[in-house]
Amino acid sequence: MTADTPLRRFVADFLASPLAVIAGLGLLAIALTALFAGIIAPQNPYDLAQIDILDGSLTPGTEGFGGFTYWLGSDEQGRDMLSAMIYGLRISLMVSFIAVTSAVAVGMVLGLMAAARGGWVETLIMRIVDIQLSFPALLVALLLLASLGKGVDKVIIALILVQWAYFARTVRAAALVEIRKDYVTAARAAALPQWRILFGHVLPNVMPPVLVIATVQIANAIAIEASLSFLGVGVPITEPSLGLLIANGFDYLLSGRYWISFYPGVALLVTLVCINVVGDHVRDILNPRMQR
């Protein structure tokens with residue numbers, strides 16, 4: 001008989017939900033599509049040699065002057081909307097993944113430091129967390145980008161600064177519980193260094209709630225980045241994400257050219273739904289209190 005490991009139990013519990021499996025497969029397909037955008041996309045929408053201005057604003061399924069079929073239509077510059085969506089999806093996922101991963105690292109370090117040191121260090125870190133979380137994340141990101149300017153790197157920095165507080169608070173709360181347990185006392189009695197106790201013993205035991213929040217925050221990061229790009233303060237027009245693609249076609253919605261905004265909006269909606277469904281099910285699995 002094979003051993004019943006935590007990983008096997010997690011996989012079995014995840015596969016028990018058909019909705020979560022469908023969302024997981026959809027998310028995997030979206031991630032692979034974004035990863036191999038250069039291979040999958042029928043056109044490089046940012047290569048001027050492949051774009052014909054005469055093919056601008058073609059309806060879905062129309063064949064252009066060069067014989068290229070625009071299955072989801074084209075925008076006013078003649079870019080293939082399907083290709084633009086695939087490349088935009090890559091920007092959105094890359095920005096959110098890098099930002100959330102970095103925010104997790106910063107939040108874990110500060111959360112562990114607050115729980116381990118206590119005193120004025122904990123008070124200072126947690127008061128900063130409380131102040132930041134009292135403001136809407138989108139508003140803080142807008143203020144940061146107004147100071148930093150446009151750019152993919154600027155958006156990533158802004159997302160890190162608005163999201164690290166969630167992880168710091170979660171890690172600090174979980175670490176305070178773990179530090180009082182017997183295995184930490186035994187590690188201290190064995191004269192292990194503080195950093196080894198925190199990162200080698202405490203950190204692995206506080207990871208489950210962090211993973212759940214990270215999954216949800218990836219969706220939030222995509223939504224915030226799309227909102228910033230829609231408002232014109234996010235990524236530059238040379239590297240458009242889904243939010244900027246939606247903004248590009250917003251003025252044409254009432255003129256009948258709905259596809260310029262509609263299809264990127266659908267892609268953004270499907271991505272967020274898949275991530276949230278997977279995140280909610282992972283939360284139910286890792287938190288027995290949530291299981292019904």
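The values are calculated or read from the model by the stated rules, or taken from the named source; none is laboratory data. Here the structure is a predicted model, which means the values were calculated and not measured. Cβ sites come from the backbone with ideal geometry, for glycine too, and all protein chains shown count toward neighbours. The area values use the complete protein model at the heavy-atom level, side chains included, leaving out ligands, DNA and RNA. Shrake-Rupley method; radii C 1.70, N 1.55, O 1.52, S 1.80 Å.
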Using a probe radius of 1.4 Å on heavy atoms only, what accessible surface per residue do you get for region 9-65? Whole Å² is fine. 62 Å²
Using only Cα atoms, find the angle between the long axis of helix 6-15 and the longest principal axis of the chain, and express it within 0 to 90 degrees, rounded to the nearest 10. 40 degrees
Rounded tilt (10° steps) of 259-286 against the dominant C-alpha axis of the chain: 20 degrees
Summed side-chain charge close to residue 81 - residues other than residue 81 whose Cβ falls under 12 Å, Lys, Arg +1, Asp, Glu -1: -2
Is the shape of region 193-292 rounded, prolate or oblate, going by the alpha carbon gyration tensor and its root eigenvalues a ≥ b ≥ c, with a/c under 1.5 for rounded and a/b larger than b/c for prolate? oblate
In a GNM of the chain with a 10 Å cut-off on Cα contacts, which of 180, 90, 169 has the highest mean-square fluctuation? 180
The answer for the net charge of residues other than residue 57 whose Cβ lies under 14 angstrom from its Cβ, with Lys and Arg +1 and Asp and Glu -1, is -4
May I ask you to order 197-208, 257-268 by the average number of other C-beta atoms within 10 Å around their residues, highest value first? 257-268, 197-208
Find how many whole Å separate the alpha carbon centroid of region 24-91 from the alpha carbon centroid of region 173-218. 46 Å
Using Cα atoms only, what is the angle between the long axis of helix 203-230 and the major principal axis of the chain, expressed in degrees (0 to 90) to the nearest 10? 30 degrees
